[in-house]
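A.B. asks: Attaching a single structure in C-alpha cells format; questions to follow.
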Amino acid sequence: MIKDIRQFGLFHTDMMRVVLDLPHKEISDNALEWIAKTDRYTTYHDNKLNQEWFSQMPAGDKFVDDVYESSQKYLKSTGRRPFKDRNDFFVVAWVSAYGEHDQHGSHNHPNCLISGTYYPQVPKGASPIVYDSPLAGLMMHDTKQEVNHTYPPSTGDMMLWPSWLFHRVHMPSGPVTEQRIAISFNVDYKRYHI
C-alpha cells in the first residue's frame, strides 16, 4: 500500500521574455550599416567595430536601461543576487544579421551571469532560436523527448536566460526577403570585468 506520493521538479531553467518599446526600424537600419563593414554576419569577432557600433546604436542608452531593469527583475525573481546598483552592472552587446544561409551552432556564454537577445527585426520565415536542455546528454534510457525548446521571436522581443544554457540558430527553412536582426548581450557583476 502506498502511504504518500509527492512529485516535484528539480533544476528548473528560468527564462524571461520582455517586449521592448524602442525604435526597432531605426535600430535595424543602423545595425545593417555596421554589419556591412565586416565580412561576417556579426560584429562579435571585431572588438573595435563592435564597440563603435554599440556606442552609436540608436536609443542605445534606453536599450541599456531596459537590459538593466529586466536583468534586475530576472535576478530577483530567480533567487539570484541582484546588482547593488547601476555601478555594479556590466553589459556587452553585439549585433548579428541572419540571412538566408546564416546559422549559429550550439554554444553558451561563459564568464557571465545572464545572456540575452533583443530582436529589432524579425521577418516572416526567419529562424527561431533553439534552447538546448542542459539534461539532454544525461538522459540515457529516459523516454521523455523534451531535449530543446524552439522560440520564434517577434519584432521587439528580448529574451534573457542563464549564460550557461546552450542555444543555437538554424538556417531558415525557406527563402528570406529580409535579414533577422539580433542584438545579443552578456550581463554580469561589474567587479568581475575590471
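The values are calculated or read from the model by the stated rules, or taken from the named source; none is laboratory data. All figures in this text were calculated on a predicted structure; none of them were measured in a lab. Using ideal geometry, Cβ is built from the backbone for each residue, glycine included, and neighbour counts are taken over all protein chains shown. We work out accessible area using only protein heavy atoms, side chains counted, and drop any ligands, DNA or RNA first. Shrake-Rupley method; radii C 1.70, N 1.55, O 1.52, S 1.80 Å.
A.B. asks: Just to be sure I understand, how many residues within the range 5-61 are out of contact with any strand residue (DSSP E or B) (no Cβ under 8 Å at 6 or more places or on another chain) and among the aromatic types (F, W, Y)?
C.D. replies: Of the residues in that region, 2 qualify.
A.B. asks: Tally up the residues in the range 167-194 that are under 28 Å from R80 (Cα atoms), outside any helix (DSSP H, G or I) and either hydroxyl-bearing (S, T, Y) or at pLDDT below 90 (or both), please. Before the answer, list the steps.
C.D. replies: Keep residues of the range 167-194 that are under 28 Å from R80 (Cα atoms), which gives 167-169, 182-194.
Cutting the leftovers down to outside any helix (DSSP H, G or I) gives us 167-169, 182-189, 194.
Applying the additional criterion that residues be either hydroxyl-bearing (S, T, Y) or at pLDDT below 90 (or both) yields 184, 189, 194.
Residues in the range 167-194 being under 28 Å from R80 (Cα atoms), outside any helix (DSSP H, G or I) and either hydroxyl-bearing (S, T, Y) or at pLDDT below 90 (or both): 3 in total.
A.B. asks: Among the β-branched types (V, I, T) and either within 30 Å of E146 (Cα to Cα) or in contact with a Leu (Cβ under 9 Å, 6 or more places away or on another chain) (or both): is that true of V92 in this structure? Break it down stepwise before answering.
C.D. replies: On the way: among the β-branched types (V, I, T): yes; either within 30 Å of E146 (Cα to Cα) or in contact with a Leu (Cβ under 9 Å, 6 or more places away or on another chain) (or both): no.
The answer is no for V92.
A.B. asks: Suppose the filter is in a strand (DSSP E or B), within 14 Å of the chain's Cα centre (by Cα) and without any contact (Cβ under 8 Å) to a residue 40 or more places away in the chain; does T150 pass it? First the steps, then the outcome.
C.D. replies: On the way: in a strand (DSSP E or B): yes; within 14 Å of the chain's Cα centre (by Cα): yes; without any contact (Cβ under 8 Å) to a residue 40 or more places away in the chain: yes.
Answer is yes for this residue.
A.B. asks: Do we have any residue at all in the range 170-180 that's open to solvent by less than 10 Å² (accessible area, probe 1.4 Å) and β-branched (V, I, T)?
C.D. replies: Checking the range 170-180: not a single residue is open to solvent by less than 10 Å² (accessible area, probe 1.4 Å) and β-branched (V, I, T).
A.B. asks: With respect to S127, is the statement that it is assigned to a helix (DSSP H, G or I) and open to solvent by less than 20 Å² (accessible area, probe 1.4 Å) true? Outline the logic, then answer.
C.D. replies: Values: assigned to a helix (DSSP H, G or I): no; open to solvent by less than 20 Å² (accessible area, probe 1.4 Å): yes.
It is false that S127 is assigned to a helix (DSSP H, G or I) and open to solvent by less than 20 Å² (accessible area, probe 1.4 Å).
A.B. asks: Here is a follow-up. Which of the residues belonging to the range 181-194 are open to solvent by 90 Å² or more (accessible area, probe 1.4 Å) and either out of contact with any strand residue (DSSP E or B) (no Cβ under 9 Å at 6 or more places or on another chain) or β-branched (V, I, T) (or both)?
C.D. replies: Within the range 181-194, just I194 meets the criteria.
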